[in-house]
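For reference, the structure is listed below as structure tokens.
Rule-based calculations on the coordinates, nothing more; no lab input. Because the structure is a prediction, the values reported are computed rather than measured. Counting neighbours? That spans all protein chains shown, and the Cβs are built from the backbone with ideal geometry, glycine included.
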Amino acid sequence: MRLSGGDYPEALFNLGLLLAETGRPKDAERAYREAVGRAPEFTSAWINLAFLLRDLERLDAARDIVDRS
């Protein structure tokens, strides 16, 4: 999946929400990571990424995000 959110990390965040809710967690992770890459201060995207990783049982990665904030 190719992501294109331009200067709109909020659009990527919303895409991440949609993908997570429709059973596409790997694509959701990519969308959240792209969102925080474009807007590192985007707290909601970091939180959702951490929860997604937790749900995928990638606890070390989730913990790293929580520790970073």
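Okay, here's what the table says:
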quantity: Relative contact order computed over the chain (Cα-Cα under 8 Å; 6+ residues apart), in percent; calculated: 23
quantity: Label point distance in nm, Asp7-Arg68, each placed 7 Å from Cα along Cα→Cβ; calculated: 2.4
quantity: Qualifying trypsin sites (Lys or Arg not before Pro) for the chain [loop in DSSP, other Cβ within 10 Å: at most 12]; calculated: Arg2
quantity: Entry for Rg/Rh (Cα atoms, Kirkwood Rh) (calculated from the structure that is shown) out of (i) 1.03; (ii) 0.94; (iii) 1.12; calculated: (ii)
